[in-house]
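First the structure, in the form of structure tokens, and then the observations on it.
The values are calculated or read from the model by the stated rules, or taken from the named source; none is laboratory data. Bear in mind that the values here come from a model prediction, so they are computed numbers and not experimental data. Positions of Cβ are backbone-derived with ideal geometry, glycine not excepted, and every protein chain shown enters the neighbour counts. The area values use the complete protein model at the heavy-atom level, side chains included, leaving out ligands, DNA and RNA. Shrake-Rupley method; radii C 1.70, N 1.55, O 1.52, S 1.80 Å.
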Amino acid sequence: MEQNQKWWLDFTLKEALFIGLCAMLIVLTKTVLRLNLKISGHAMFFTMFFLLLAKGCVGRKWTASTVSLLAALCLMLFAPGKAGPIGLVRFMLPGIFCDLSVRFCPFLLDGAISFAILAGGAAFARLPGSFLVDWFVGMPPDIALSHAFIKCIMGAAFGLIGGVAAWPVLKRLRTAGLAPQSLRAQTS
């Protein structure tokens with residue numbers, strides 16, 4: 001088997017395994033580390049950490065969306081009732097935001113501050129999904145929007161911290177030769 005032969009979608013076997021690993025680590029941290037911190041959005045730390053780590057290490061067009069989709073499908077299987085069709089949308093929005101942002105601004109994967117901004121924005125992208133969940137359970141639209149906004153602000157803060165934590169790990173992987181040095185050619 002050739003080193004760069006496409007194995008699954010547009011990914012090589014190494015990239016597909018890494019994407020699956022990051023998706024499963026998101027699921028494991030959401031299910032095993034059920035920290036009852038009474039702080040809204042704290043789970044976005046690990047979600048953004050592994051999502052951006054996968055995007056930084058693989059760097060293909062739809063890497064973050066693929067990780068989000070796999071994590072959402074696994075959560076639907078392993079934790080029924082936790083993530084339904086709206087949960088799928090809520091998981092996909094940060095991945096899609098991350099992929100589209102890097103597509104139009106590839107420099108977002110080149111520094112700690114830009115990595116943190118990308119993570120915070122991707123975590124805040126869950127706003128429509130959070131609003132839909134609140135609205136479907138019967139909240140009035142204005143209260144549902146304000147509640148979703150507060151949850152997403154807190155999630156963006158934790159996502160920002162997750163992005164800051166993911167940057168040194170990606171830098172070490174790049175130094176070791178396990179991640180590409182520059183993703184500008186791959187993301188276009």
| Relative to the longest principal Cα axis of the chain, at what angle does helix 63-78 sit, 0 to 90 degrees, rounded to 10? | 50
| query | With θ set to phi - 60° and the Karplus curve 6.51 cos²θ - 1.76 cosθ + 1.60, what are the ³J(HN,Hα) couplings of region 53-59 in order, to the nearest whole Hz, using x for Gly and Pro? | reply | 5, 5, 5, x, 7, 8, x
| In degrees, nearest 10, range 0 to 90: what is the angle between the Cα axis of helix 112-124 and the longest Cα principal axis of the chain? | 40
| Helix 141-175 versus the longest principal axis of the chain: what is the Cα-based angle in degrees, 0 to 90, to the nearest 10? | 20
| Positive dipole terminus of region 13-176, leading residue within Leu75, Met24, Thr47 (C-beta point charges) | Met24
| Stokes-Einstein D (µm²/s) once Rh is taken as the Kirkwood radius of the chain over alpha-carbon pairs, at 37 °C in 0.692 mPa s | 197
| query | How much of the accessible area of the chain, probe 1.4 Å, is carbon plus sulfur, in whole percent? | reply | 72
| field | Ranked by how many other beta carbons lie within 10 Å on average, peptides 165-172, 128-135 from highest | value | 128-135, 165-172
| In debye to the nearest 20, how big a dipole does the chain give about its Cα centre with +1 on each Lys and Arg Cβ and -1 on each Asp and Glu Cβ? | 280
| task | Using the Karplus curve 6.51 cos²θ - 1.76 cosθ + 1.60 with θ = phi - 60°, work out ³J(HN,Hα) for each residue of region 10-18 in order, rounded to whole Hz, and write x for Gly and Pro. | result | 10, 9, 6, 4, 4, 5, 5, 5, 5
| task | Please identify every one of the trypsin sites (Lys or Arg not before Pro) in region 55-102 that sits in a loop by DSSP and has no more than 13 other beta carbons within 10 Å of its own beta carbon. | result | Lys82
| query | How many nm separate the modelled label positions at Leu28 and Gln181, each set 7 Å beyond the Cα in the direction of the Cβ? | reply | 3.2
| said: Please compute the per residue accessible area over the chain with all protein chains in place, 1.4 Å probe, rounded to a whole number of Å². | reply: 52
